[in-house]
Amino acid sequence: ETATIRDFDAAAAFFDRLRALGCRVALDDFGAGHTSFRHLRSLEIDMLKIDASLIAGLPDDARSRALVTSLIDMAKALELETVAEWVGNETAAAFLRTAGATYLQGFLFGKPQSVEELTAKGLL
């Protein structure tokens, strides 16, 4: 997830093939330093996944609030959806909903499960 894209032309071609199959492309860990604004300009993506390190301080940390709100606003301006990672409590979730995040993910909604667990529950 945090691999650096070194060949933008190859990545763009791969993303085009994925889209032709009906897939959507998300840029993960945005705001963590692994991805950059260059990725936004150079690659056709559908959504940004806002890095967990920015979500962890919500809603108490003013800098986290400002950064997350700015990223969500920027994504909207670029017509991208957003996924807020690591949402662990209802207070953070309420802030993110108000800020306009498209999707929320994290322990508040469920813990990761193995394929075996999902299969046993009839979910796969």
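The values are calculated or read from the model by the stated rules, or taken from the named source; none is laboratory data. Note that this is a predicted model, so its numbers are computed, not measured. Cβ coordinates were reconstructed from backbone atoms using ideal geometry, including for glycine residues, and neighbour counts include every protein chain displayed. With ligands, DNA and RNA removed, areas are computed over all heavy atoms of the protein, side chains included. Shrake-Rupley method; radii C 1.70, N 1.55, O 1.52, S 1.80 Å.
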Indicate the helices, whole DSSP H runs only, in the chain that combine a mean Kyte-Doolittle hydropathy of 0.0 or more with a Cα extent along their long axis of 20 angstrom or more.
62-77
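When the chain is fully extended, how far beyond the present Cα-Cα distance does ALA94 get from ARG17, taking 0.36 nm per residue of separation?
Details: separation 77, 0.36 × 77 = 27.72 nm, distance 3.64 nm.
Stretched fully, the ALA94-ARG17 segment lengthens by 24.1 nm.
Starting from the residue with the highest accessible area, list SER53, SER114 in decreasing order, probe 1.4 Å. Write down the numbers at each step before the final one.
Working: SER53 80, SER114 45 Å².
The residues order as SER53, SER114, largest area first.
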Going toward the positive end of the dipole of the stretch 1-122, with +1 on Lys and Arg Cβ and -1 on Asp and Glu Cβ, which of GLN113, TYR103, PHE8 do you reach last?
TYR103
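In the chain, which longest range has no trypsin sites (Lys or Arg not before Pro) that are both DSSP loop (not H, G, I, E or B) and surrounded by at most 10 other Cβ atoms within 10 Å?
Numbers: sites that count: ARG6, LYS121.
The longest uninterrupted stretch comes out as 7-120.
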Once the Cβ-Cβ distance between LEU123 and ASP61 is put in as r, and R0 is 35 Å, what FRET efficiency do you end up with, to the nearest 0.05?
0.50
Under 20 Å Cα to Cα from LYS76, which aspartates and glutamates show up? Leave out anything in the same chain fewer than 8 places away.
ASP28, ASP29, GLU44, ASP46, ASP51, GLU85
Given Cα pairs under 8 Å that are at least 6 residues apart, what percent is the relative contact order of the chain?
18 percent
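What size of dipole, in debye to the nearest 20, comes out for the chain about its Cα centre when the only charges are +1 on Lys and Arg C-beta atoms and -1 on Asp and Glu C-beta atoms?
Working: 13 positive and 18 negative charges, 30 e Å.
The calculation lands at about 140 debye.
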Hey, can you find the accessible area per residue of the chain for me, probe 1.4 Å, expressed in square angstrom?
63 Å²
Scattering from the C-alpha atoms of the chain alone, worked out with Debye: what is log10 I(q)/I(0) at q = 0.09, 0.13 1/Å?
-0.29, -0.59
Taking amide hydrogens as modeled 1.01 Å from N in the peptide plane, which residues meet the under 5 Å criterion relative to ALA84, leaving out close sequence neighbours?
ILE50, TYR103, LEU104, GLN105
Pair-distance profile P(r), taking every C-alpha pair of the stretch 66-124, with 10 angstrom steps and integer %
22, 39, 24, 14, 1
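Return the carbon/sulfur percentage of the accessible area of the chain, one whole number, probe 1.4 Å, all protein chains in place. Before the final figure, lay out the partial values.
Values: 4240 of 7780 Å².
So the carbon and sulfur contribution to the accessible surface is 55 percent.
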Amide H contacts under 5 Å for ALA56, placed H, 5+ residues apart:
none
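Using only helices, what value at 222 nm comes out for the chain when you add -39,500 (n - 2.57) per DSSP H run of length 4 or more and divide by the total residues, to the nearest 500 deg cm²/dmol? Numbers along the way, then the final one.
Values: 6 runs with 55 residues, N = 124.
Computed mean residue ellipticity for the chain: -12500 deg cm²/dmol.
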